[in-house]
Structures are given as structure tokens and as C-alpha cells.
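J.: Have a look at this one before I ask anything.
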Amino acid sequence: MDYNNVSITTVEGEVKGLYKLGDVSSKAKGTTKLSSEEKVKERAYRKLKIEAAMVGGNVVLLTNQVSAGSKVGYFGSKAATNLTGICYSNTLPDYNKFKQLIGSKSNFSAVKQFKLYASDSDVSQSDIHKSFTMHNIINENGIVYLEADLQDEHISKFQLVNYTADSFSIAYQNEDTSYNIIISLK
């Protein structure tokens with residue numbers, strides 16, 4: 001929920017030395033043909049920041065922006081903005097410290113879910129009670145992935161976003177929906 005702290009830049013030099021997490025994108029469309037192009041653009045930028053925060057990013061290098069204003073008339077169209085970028089972070093979860101933290105434990109409880117559908121304008125959050133069974137921890141160029149089973153999901157690889165003494169957070173995408181799940185260590 002700290003997506004307001006995510007910075008967006010178009011200057012490649014500003015991401016030098018940061019860790020690349022992957023691609024992010026967002027789309028926003030006006031609800032009517034009279035929607036403000038500026039409000040639609042603000043919504044798209046907000047969604048891009050949410051996408052980045054959900055995977056642990058704090059900077060997005062904007063690589064493409066396409067905006068169109070409303071066109072009134074019989075064949076008119078609504079204002080729309082499409083954004084794409086590359087997500088970066090100045091820190092990554094420490095693989096060895098995370099392995100030490102969880103020890104030999106492999107069964108956990110997922111307790112909170114943050115979800116952003118592609119068509120939503122904001123992230124939703126809810127308390128959940130799902131089992132999370134971890135099979136393997138992988139370090140891919142500094143990014144930590146967990147091979148695991150999350151109850152009711154058909155995804156088996158999750159990105160470790162961060163961890164504390166009490167919980168850890170994972171991120172994944174399923175079709176056009178992004179998720180960030182809090183897993184309890186207690």
C-alpha cells in the first residue's frame with residue numbers, strides 16, 4: 001500500500017545501479033466520452049505505481065506512453081492512456097537470510113491478499129485463510145522465487161517481495177490480475 005512512494009522516470013541514467021524486477025504496464029479508459037484526459041492519465045500512472053509496489057519496486061522507467069483524448073460525436077471515443085515500463089528496486093530480499101528465517105518449515109498460512117485486476121482503478125485488499133506449501137527457494141540473479149502451492153491457485157512460482165520476523169510477502173500474476181499475498185510465519 002506504499003505505492004505513492006514509487007517514482008516514475010523517463011531518464012535511463014536514474015535506474016543505473018538498481019535491480020531490474022521486470023516489466024509493468026497499466027491502462028486506463030474514461031468512463032464516458034466526456035471524461036477528462038488528465039484524470040484518465042492520472043489513473044493510469046496510479047495503477048502503474050501500484051503494479052510496481054506489488055512486486056517490491058520503487059522506481060519505474062517509463063518506456064512507452066500512449067494517450068488519446070475524448071472524441072465527441074457518433075463515432076466518438078473515450079479518453080485512454082496506456083503505459084509500459086520497467087520496474088526497479090534499490091534493494092532485494094536476501095536469499096540466505098530468508099532461508100535462515102524460515103529454517104526447515106514448509107507449511108504456512110496466507111493471511112492477506114492485495115489484488116489489482118487490469119480493469120480496476122485501485123488495488124483491493126482482503127483477509128484470507130489459505131495454505132501455502134513451499135517446495136523450493138530459488139535465487140535467479142538476486143531475485144528470490146519460491147516454488148510452492150497456494151491453495152486454490154494454479155500458479156507454482158512466486159516472487160519473494162520482502163520479509164519481516166513475522167511474515168513474508170509474495171507476488172505473482174495470473175492472467176491479467178496482479179497479486180501480492182502476505183504469508184504468516186507464526
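J.: Tell me, what is the per residue accessible area of region 43-173 in Å², probe radius 1.4 Å?
T.: Computed with neighbouring chains in place, this is 51 Å² per residue.
J.: Against the longest principal axis of the chain, how steep is helix 37-54, in degrees 0 to 90 to the nearest 10, with axes from Cα atoms?
T.: For helix 37-54, the angle is close to 10 degrees.
J.: Same structure, new question: Sort 48-61, 168-181 by the packing proxy (mean of other Cβ within 10 Å over each peptide's residues), most packed first.
T.: Taking the mean over residues of other Cβ atoms within 10 Å, the ranking is 48-61, 168-181.
J.: Treating the beta-carbon of each Lys and Arg as +1 and of each Asp and Glu as -1, no other charges, what is the dipole magnitude of region 112-186 about its Cα centre, to the nearest 20 debye?
T.: My answer is approximately 260 debye.
J.: Rounded to two decimals, what is Rg over Rh for the chain when you use alpha-carbon atoms and the Kirkwood radius?
T.: My calculation of the ratio gives 1.04.
J.: Using θ = phi - 60° and the Karplus form 6.51 cos²θ - 1.76 cosθ + 1.60, what ³J(HN,Hα) does each residue of region 96-109 get, whole Hz, x for Gly and Pro?
T.: Values, residue by residue: 5, 5, 5, 4, 5, 4, 8, x, 8, 5, 10, 10, 9, 10 Hz.
J.: Run the helix sum for the chain: -39,500 (n - 2.57) per DSSP H stretch of 4+ residues, divided by residue count, reported at 222 nm to the nearest 500 deg cm²/dmol.
T.: My calculation for the chain gives -4500 deg cm²/dmol from helical runs alone.
J.: Another question, then. For residue 167, what residues show an amide H to amide H distance below 5 Å, using hydrogens built from the backbone and excluding near sequence neighbours?
T.: For residue 167, whose amide H was placed from the backbone, the distant partners under 5 Å are 185.
J.: Could you pull out every one of the aspartates and glutamates with an alpha carbon less than 20 Å from that of residue 39, ignoring same-chain neighbours closer than 8 positions?
T.: Once the sequence-local aspartates and glutamates are set aside, what remains near residue 39 is 51, 120, 122.
J.: Please list, in order along region 114-130, the HN-Hα scalar couplings obtained from phi with the Karplus expression 6.51 cos²θ - 1.76 cosθ + 1.60 (θ = phi - 60°), rounded to whole Hz, x for Gly and Pro.
T.: Once θ is set to phi - 60°, the couplings for region 114-130 become 10, 9, 9, 6, 4, 8, 7, 9, 8, 7, 10, 9, 8, 7, 9, 9, 10 Hz.
J.: In whole Hz, with x marking every Gly and Pro, tabulate ³J(HN,Hα) for region 12-21 from phi via Karplus 6.51 cos²θ - 1.76 cosθ + 1.60, θ = phi - 60°.
T.: Values, residue by residue: 4, x, 6, 9, 4, x, 8, 8, 7, 9 Hz.
J.: Pairs 115/157; 27/49; 41/157; 20/157; 99/157: which exceed 23 Å Cα-Cα?
T.: 41/157
J.: Just the number, please: carbon plus sulfur as a percent of the accessible area of the chain, 1.4 Å probe, no ligands or DNA/RNA counted.
T.: Here it works out to 46 percent.
The values are calculated or read from the model by the stated rules, or taken from the named source; none is laboratory data. These numbers were taken from a predicted model, which means no experiment stands behind them. Using ideal geometry, Cβ is built from the backbone for each residue, glycine included, and neighbour counts are taken over all protein chains shown. Note: areas computed on protein heavy atoms with side chains; ligands, DNA, RNA excluded. Shrake-Rupley method; radii C 1.70, N 1.55, O 1.52, S 1.80 Å.
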